[in-house]
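All of the numbers you see were taken from the coordinates with simple rules; none came from a lab. Every value quoted in this text rests on a predicted model; they were computed, and no experiment measured them. Positions of Cβ are backbone-derived with ideal geometry, glycine not excepted, and every protein chain shown enters the neighbour counts.
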Amino acid sequence: MVKKALLFIINAVSIAIIILAILMLLTVVMTASSGAPNFLGYSVFRVLTGSMEPEIPVDSLIIVKRADPETVAVGDVISFYSNDPTLGGAVNTHRVTRIERENDELTFITKGDANNIEDRFPVSVRDLIGVVVFTSHALGVFVRLASNPLIFLPLIVVPLFVILITNLVRSVKLTKKLMAEQEEAERREALRAAAQKAEESEKNEGE
């Protein structure tokens, strides 16, 4: 019974991990450019322009951590909802060059590393998403490729499905084996008990 329970737990955890991995990847891939997917205080984006090159190349994947606006410092790279009409409120990621405070309200002046001038529109506290804490160009390229259904299905969904089915098949076989071993043990115990009872009966008759 203990082995069966352990096997069930392992299968349940495996399925949960696979489902969680798919959901997280879908969250990154399918979230619109104007949205901010969030998981435990972290957001994930893929950089679509070269305004932060060479530090953050096009197609890089970035992880942004929610931050208290008071902790943001000059030099930090932040993600925010842009007030630039040409961007339509899309998420932008630039470096903080200046911090201004007016009527006890902070605003951040930003600039792309590859741009010659600062952004025209300051970033308010309300528009701040967080501070960039991780970047990876390789992961970003992977996400871009994975966003293509022709690649996502055969390279990610199908292998995960095969792993899941294989695991289930092995589990069923192992469960059957454990049940057979248990039945065999019970049969042997029954035969031993019967033999012992017969032996005791013969002994009693001899007396």
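Values as computed for the structure displayed
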item	result
Fewest-first ranking of M52, M179, using other Cβ atoms within 10 Å as the exposure measure	M179, M52
V132, V77 arranged by Cβ crowding within 10 Å, fewest neighbours leading	V77, V132
